[in-house]
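Data first, discussion second: the structure below is written as structure tokens.
The values are calculated or read from the model by the stated rules, or taken from the named source; none is laboratory data. The structure presented is a predicted model; accordingly, all values stated were derived computationally and were not measured. Cβ sites come from the backbone with ideal geometry, for glycine too, and all protein chains shown count toward neighbours. Surface accessibility is based on the protein's heavy atoms, side chains included, excluding ligands, DNA and RNA. Shrake-Rupley method; radii C 1.70, N 1.55, O 1.52, S 1.80 Å.
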Amino acid sequence: MNYLPLIIQEFETAANATEAVAMKKYMRDQFEFCGIKSPQRKLLLRGLKATHGVPAITEMPALVKALWKLPQREYQYAAIDIMQSMHKQFIPAHIALFEWMILQKSWWDTVDNTLSGLVSPWFKKFPEQRAAITDRWIASDNIWLQRGAIIYQNGWKLQTDEKVLFRYILQCNHSKEFFIQKGIGWALREYSKVNPVSVKAFVAQYPLAPLSKREALRLL
């Protein structure tokens, strides 16, 4: 099944030029948009699934990369949406695709959604591979991979590996990058929901960037 033209046809029909301008401005003019908001996009994809089914999981890497080449950002969101619905079919090789998605057209929207929707469930399915991958990410010079290593446990609650989280934060604590500092604060804030004592102690012990500290303690 050639799913790409089906998605393009639906999105072109639903495009809204006024919304596209606003969405592009919100994303600091980084990308073009069709002007399709998230609820409508997901409704369109559900309609496609009801009418045409979904692609085979073996077809997804090619479809994801084809969607990533299109200029409008909603196509990248659609790639993540469709792939996320197949999380039960993830195989070890898919992590290479997810890393590719993080590194191409990188910005917080696709990076964070790839992490939460794809990487996080993949790590839970293949926990024995997690450490080697995230150790490599945090040691890289790519801020999006580093951010991924820091925030991939967001939402894991008591399953969070505190030692890994704190170690990765300290490895990047010198960074002046906004998205690293913000990611550190976000990860600590999420963990504070289940272990506020530990987060308070960590923030008191180490001199975090003001942005990271402010975000970390927001709920405390």
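Per the listing 144, 108, the residue uniquely of a type outside the set (Val, Ile, Thr), open to solvent by 50 Å² or more (accessible area, probe 1.4 Å) and closer than 17 Å to residue 180 by Cβ is 108. Within region 185-201, which residues are in a helix (DSSP H, G or I), open to solvent by 20 Å² or more (accessible area, probe 1.4 Å) and β-branched (Val, Ile, Thr)? Within region 185-201, 197 is the sole residue that qualifies. In region 118-136, the residues that are among the hydroxyl-bearing types (Ser, Thr, Tyr) reach residues that are open to solvent by less than 40 Å² (accessible area, probe 1.4 Å) with C-beta atoms within less than 6 angstrom, at least six apart or across chains, in these pairs: 120/152; 134/149. Of the residues making up region 1-15, not one is within 25 Å of the chain's Cα centre (by Cα), open to solvent by 60 Å² or more (accessible area, probe 1.4 Å) and farther than 22 Å from residue 83 by Cα. Annotation for region 81-104: at least one member residue is basic (Lys, Arg), exposed (fewer than 15 other Cβ atoms within 10 Å of the Cβ) and at pLDDT 95 or above. Here residue 66 fulfils each of the conditions (1) in contact with a Leu (Cβ under 9 Å, 6 or more places away or on another chain); (2) in a loop (DSSP other than H, G, I, E, B) apart from (2).
Looking at 130, 46, 147, just one residue is at pLDDT 95 or above, under 12 Å from the mean Cα position of the chain (by Cα) and basic (Lys, Arg), and that residue is 147.
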